[in-house]
Amino acid sequence: EAGGPAVHSGLVMHGLPDVAGRIAPEQLRHVVAASEDVEPASVVVLENTHRSAGGRVWPLDELERVVATARELGLPVHLDGARLLNAAVASGLPAAEYGRLADTVTVCFSKGLGCPLGAVLAGSRERIEEAWKGKFLFGGAMRQAGIVAATALYALDHHVDRLAEDHARARRLAEGLADAGLPVDVDAVETNFVGVDVDSMGIDVADARARIADEGVLVGFLRPGVLRVATYLGITDEDVERAIEAIPRALVGAVAPA
Ligand SMILES: *Cc1c(COP(=O)(O)O)cnc(C)c1O
């Protein structure tokens, strides 16, 4: 975000084209070889679930293969696990099965887990010591973090298994919107995001969001041309049914007659 890696760490980010939020080992080999002379690769960052792909989950064996390739290339792996617990619940695997593959893992508590703020970094003792110093250096230290940690502990006890409800509601939402004729890929809904490809309807994302907000539903942005409708612990079954009515109603008005 905002060029932070370049400014703070002298890192240039190379985004790779994905399929459902995943990359293949060959892509990694290729980009590492191609950038060798100018910007030698120093770290691989993967994301599970993958946000912009629509909250997609990595199959464990695929992640294992990409991580093994990174190791072969001598590169450490950071797992952006902002929504790792969604991946764990959706796949039925313990989050640690994914996390143990990486050198460092971040988990965000302020999204599906429902905390007002907070995230954690996990890694080996040595790396955490290093990160601890970096946190002060970057201005990210918070001395009164106990109250934040308390909400995270509460969330770990009470808000993990229930992520399955968010996933089921997203599924219902996707089916309802698809039944209403909206361009929604129901099979792509693995966790709590539903993508609505408003671009394919000839509607601008900002316009779509404003029209849907007028109907009382707040939706976000997934990727260019695609709206993100997300479920979380503040969204009930009734809300989902309301959204299934409201979103098509809002968008039908935006489509120019042929
Ligand atoms: C939100 C988000 C982050 C940052 O999480 P914080 O808890 O705000 O630090 C990182 N990665 C992804 C994919 C996110 O969605």
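Bear in mind these aren't lab numbers, they're just calculated from the coordinates by the rules spelled out. Just so you know, these numbers come straight off a predicted model, no measurement behind them. Every residue, glycine among them, receives a Cβ derived from its backbone with ideal geometry; neighbour counts consider all protein chains shown.
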Can you tell me the FRET efficiency between GLU245 and MET142 if r is taken as the Cβ-Cβ distance and R0 is 41 Å, rounded to the nearest 0.05?
0.45
What is the distance, in nm, between label points placed 7 Å from the Cα along the Cα-to-Cβ direction at VAL160 and at HIS8?
2.7 nm
If you take every DSSP beta bridge whose two residues both sit in the chain, what share of them, in percent to the nearest 5, is antiparallel?
65 percent
Comparing ASP37, ASP185, ASP166, which has the greatest mean-square fluctuation in the GNM of the chain with Cα pairs linked when under 10 Å apart?
ASP37
Multiply the residue gap between ALA150 and VAL120 by 0.36 nm, knock off their C-alpha separation, and tell me the result in nm, one decimal place.
9.5 nm
Contour minus Cα-Cα distance for ALA24 and VAL186 (0.36 nm per residue):
55.9 nm
Radius of gyration and maximum dimension Dmax of the chain, Cα, Å
19.9, 63
Set Lys and Arg Cβ to +1 and Asp and Glu Cβ to -1, take the dipole of segment 31-183 about its Cα centre, and tell me which of LEU156, ALA88, GLN144 lies farthest positive.
GLN144
Alpha-carbon centroids, segment 1-47 and segment 182-258: separation in whole Å
31 Å
For the chain, calculated [θ]222 nm from helices alone, where every DSSP H run of n ≥ 4 adds -39500 (n - 2.57)
-13000 deg cm²/dmol
Given charges of +1 on the Cβ of Lys and Arg and -1 on the Cβ of Asp and Glu, with all other atoms neutral, how large is the dipole of the chain about its Cα centre, in debye to the nearest 20?
680 debye
Mean Cβ neighbour count within 10 Å, used as a protection proxy, ranking 39-49, 5-15 highest first:
39-49, 5-15
